[in-house]
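Comments concern the structure below.
All of the numbers you see were taken from the coordinates with simple rules; none came from a lab. Because the structure is predicted, anything quoted here is derived from the model rather than measured. Neighbour counts run over all protein chains shown; Cβ positions are idealised from the backbone, glycine included.
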Amino acid sequence: MIYAVAGLLLLNVLMYFQQPQIIFYPMSELYQTPANWGLEYEDVTLNTVDDVQLHGWYIPKRASERVLLFFHGNAGNISHRRESIETFHRLGLNVFIIDYRGYGQSKGKPNEQGLYQDATAAWRYLTEDKGFDPENVIIFGRSLGGAVAAKLASEVEARGLILESTMSSARDFARDVFKILSRLVVIRYDFNTAQHIQQVNYPVLVLHSPDDEIMPFHLGKKVYELANQPKHFVHMRGDHNYGFMRSQPEYQQELDSWLKSL
């Protein structure tokens, strides 16, 4: 019995320090910029409340009053989001995308509370420095970015919230994917999209593919079911990383229709 308890404690200690490597996969090198894609852009640096310097891109869409605040997933950096940036640009939106702390050219190391602070800093940049009316800001989050987007959306009054291929919470994800291990170790992260979505009282769009091999489809459905009206759900096609591309042209058409409904 003593050995079993000691082994469980050791497992928890090891997994506690291993979990950041399981959750976050940052890459530092920016292999392209929007200029390579034929898009005008501004390099942006901003500081968080805990004095971490972040880097991002602001991609303008001339004559548009609306802006999309983009929170990407747990791997890579902003230079890997070309197709999404181009899609939103075609839809007539200015786009502002940041790298979380520890990603790309942003300083620091990623952690849950830090990502939330990064999101708040990005919101303040748009609404204070760039002067956007919150009524013209669309918050978007994909995968892990969906949890970041939902947390921010629960604290501000934006025009709308888009959550794509995201999870209801880190604990739900762990219990679904790591069925035995999740019952033996303490889950270090919360990322509770399900809790935060209930505090959002403006239009919500949730998109998810039944073929998603990373974020279980039913976790995305749970997020949608807990969201307040008005809300809309879109069934995508394809896998987690490329489903939004394999769901074209319907993907862009659904986004366009929802944006026009606002």
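Of all DSSP beta bridges in the chain, what percent run antiparallel (nearest 5)? Please report the intermediate quantities before stating the final value.
On the way: 10 of 35 bridges.
Given both bridge residues lie in the chain, the antiparallel proportion sits at roughly 30 percent.
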If every Lys and Arg gets +1 and every Asp and Glu gets -1 at its Cβ, then about the Cα centre the chain yields a dipole, in debye to the nearest 20, of 520
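Determine, from the Cβ-Cβ distance of Tyr31 and Arg90 and an R0 of 25 Å, the FRET efficiency 1/(1 + (r/R0)^6), rounded to the nearest 0.05. Intermediate results must be reported in sequence, preceding the final value.
Values: r = 22 Å, r/R0 = 0.89.
Efficiency computed from Cβ-Cβ geometry: 0.65.
Could you give the alpha-carbon Rg of the chain over 2.2 N^0.38 Å, rounded to two decimals? Please report the intermediate quantities before stating the final value.
Details: Rg = 18.4 Å, N = 262, 2.2 N^0.38 = 18.3 Å.
Relative to the rule-of-thumb radius for its length, the chain sits at 1.01.
Let me check against my output: what whole-number percent is the relative contact order of the chain, with C-alpha pairs under 8 Å and at least 6 apart? Working shown, then result.
Working: 517 pairs, mean separation 39.1, N = 262.
About 15 percent, as a whole number.
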Cross-link reach from Lys231 to lysines, straight Cα distance under 29 Å and at least 8 residues apart if same chain, gives Lys61, Lys130, Lys151, Lys221, Lys222, Lys260
The stretch 52-103 and the stretch 189-225 have their Cα centres apart by a whole-number Å value of 21
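Provide Leu115, Leu262 in ascending order of the number of other Cβ atoms located within 10 Å of each residue's Cβ, fewest first. List each step's numbers first, then the result.
Numbers: Leu115 24, Leu262 14.
By the 10 Å Cβ count, ascending, the order reads Leu262, Leu115.
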Once Asp133 and Asn201 are pulled to full extension, the length gained, defined as 0.36 nm per residue separation minus their Cα-Cα distance, is 22.8 nm
Ranked from fewest to most other Cβ atoms within 10 Å of their own Cβ, His235, His89, His72 fall in the order His235, His89, His72
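Please label the shape of the stretch 77-159 as rounded, prolate or oblate, based on the square roots a ≥ b ≥ c of the eigenvalues of the alpha-carbon gyration tensor (a/c under 1.5 means rounded; beyond that, a/b larger than b/c means prolate, else oblate).
Oblate, since a/c reaches 1.5 and b/c is not below a/b.
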The residues Asp172, Asp190, Asp133, sorted from fewest to most surrounding Cβ atoms within 10 Å, come out as Asp133, Asp190, Asp172
As straight-line cross-link partners of Lys107, the qualifying aspartates and glutamates (C-alpha separation under 19 Å, not fewer than 8 residues apart within one chain) are Glu29, Glu42, Asp43, Asp50, Asp51, Asp99, Asp118
Mean-square fluctuation maximum in Gaussian network of the chain, Cα pairs under 10 Å, restricted to Ser247, Ser64, Ser209, hits Ser64
The stretch 83-157: relative contact order from alpha carbon pairs under 8 Å, six or more residues apart, as a whole percent, is 19
